[in-house]
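The values are calculated or read from the model by the stated rules, or taken from the named source; none is laboratory data. Just so it is clear, the model here is predicted, and its values are computed rather than measured. Cβ placement follows ideal geometry from the backbone for every residue including glycine, while neighbour counts extend to all protein chains displayed.
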Amino acid sequence: MAAQYQIRHAADGRFYFNLTAENNKIILTSEMYAAKEGALGGVDSVRANGPLIERYDRRTSIDEQDYFVLQAANGEIIGQSEMYRSKAAMENGLLAVQRVAAEAAVNDQT
């Protein structure tokens, strides 16, 4: 299966997207948007910023799990990864986002 941006409609009426890798696992989840157009703009931002290693901020959660966020040039968070049990697994997830961000298709599931 090809990597894709899955545009979704949340229960509260807002929109978000998940970026999935070729194995259909979610590798990045966006913030919530008031309108579908905002989510589509977020996809464009991931396409532009995802390939750039300097846009990633590696973090550790309160319960000591590793994750990363993808930021736009202005520092705004575009998306966040899942929580990983190791730094190596987190790095693999980050590399997956870098690899597929620019070319993944949009799958509107709203």
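Values as computed for the structure displayed
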{"quantity": "Filter pass, Asn107 being in a strand (DSSP E or B) and exposed (fewer than 15 other Cβ atoms within 10 Å of the Cβ)", "calculated": "yes"}
{"quantity": "Residue check for Asn18: free of Cβ contacts under 8 Å to residues at least 40 places away in the same chain, polar (S, T, N, Q) and either assigned to a loop (DSSP other than H, G, I, E, B) or out of contact with any helix residue (DSSP H, G or I) (no Cβ under 7 Å at 6 or more places or on another chain) (or both)", "calculated": "yes"}
{"quantity": "Subset of region 29-43 that is of a type in the set (Gly, Ala, Ser) and outside any helix (DSSP H, G or I) - its residue that is surrounded by the most Cβ atoms within 10 Å (Cβ to Cβ)", "calculated": "Ser30"}
{"quantity": "Residue match in region 47-54 (condition: surrounded by fewer than 17 Cβ atoms within 10 Å (Cβ to Cβ) and part of a strand (DSSP E or B))", "calculated": "no"}
{"quantity": "Counted residues, region 1-20 - those being among the hydrophobic types (A, V, I, L, M, F, W, C), at pLDDT 95 or above and within 17 Å of Ala102 (Cα to Cα)", "calculated": "4"}
{"quantity": "Region 69-98 residues that are at negative phi, paired with ones that are in a helix (DSSP H, G or I) and small (Gly, Ala, Ser) (beta carbon under 8 Å, 6 or more apart)", "calculated": "Ala72/Ser45; Ile78/Gly42; Ile78/Ser45; Gly79/Gly42; Ser81/Gly93; Glu82/Gly93; Tyr84/Gly93"}
{"quantity": "Contacts under 8 angstrom Cβ, first residue in region 37-60 being touching a residue at least 12 places away in the same chain (Cβ under 8 Å), partner among the acidic types (Asp, Glu), 6 or more apart", "calculated": "Gly42/Glu31; Arg58/Asp66"}
{"quantity": "Yes/no for Ala10 being more than 21 Å from Ser86 (Cβ to Cβ) and among the hydrophobic types (A, V, I, L, M, F, W, C)", "calculated": "yes"}
{"quantity": "Residues of region 55-90 that turn out to be of a type in the set (A, V, I, L, M, F, W, C) and surrounded by 13 or more Cβ atoms within 10 Å (Cβ to Cβ), as a count", "calculated": "8"}
